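First up is the structure itself, then whatever we jot down about it.
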């Protein structure tokens, strides 16, 4: 684990692999990166994965809750990239909210052992959800056309958090995008269909870089 001092707080991060730098953004509202690492580590043969905890989340700093906004999270991404000396980066973002009460619903086929191992190292912190107030008015669908970078949209057929219907909205709005639906997954295709997930990402990276 390492710490980066950016935008008047500390961001905890860990780096795995070699290749194109890739920032890995966890979901949750108070979770951390450990339900993604080491699960996404196989992509380290193609990408230099930088798993990090958002401000107010996991092992990162606890700044004033007024700074817990989407705009500040985005600014932190830019600052972390600069801190690490990255000129060009890829981004992997997963989900945005996870609630252990309904954890089994995140899977197509629930496996209690895997579910436990995904979260056993997580540091859950309620302050990470301080930006929840923005959600009711946060809608950028009309701005999707402003995204011109190659974008890969991955979704599980049985994902009730971010279902295929929403993934199609992204695909239709982002011109230079591709959509892949994993037929045997819920919210976690990188776990439920790991081989197909990694093959898809590796193939897309090769074709777009």
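The values are calculated or read from the model by the stated rules, or taken from the named source; none is laboratory data. For clarity, every value in this text was computed on a predicted model and none was experimentally measured. Using ideal geometry, Cβ is built from the backbone for each residue, glycine included, and neighbour counts are taken over all protein chains shown.
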Open item on the list: Within the range 104-119, does at least one residue satisfy the condition of being modelled with pLDDT under 65 and not in a loop (DSSP other than H, G, I, E, B)?
Closed with: yes
- [ ] Return the residue satisfying two criteria in turn: it lies in the range 126-173 and is surrounded by 12 or more Cβ atoms within 10 Å (Cβ to Cβ), over 17 Å from the mean Cα position of the chain (by Cα) and outside any helix (DSSP H, G or I), and of such residues it is modelled with the lowest pLDDT.
- [x] 147
Open item on the list: Given the condition within 20 Å of residue 161 (Cα to Cα) and either part of a strand (DSSP E or B) or outside the structural domain of residue 190 (by TED's automatic domain parsing) (or both), answer yes or no: does some residue in the range 3-17 qualify?
Closed with: no
Task: Checking residue 209 against (1) at pLDDT 95 or above; (2) surrounded by fewer than 17 Cβ atoms within 10 Å (Cβ to Cβ); (3) in contact with a strand residue (DSSP E or B) (Cβ under 9 Å, 6 or more places away or on another chain); (4) under 15 Å from residue 92 (Cβ atoms), the condition it does not meet - done: (1)
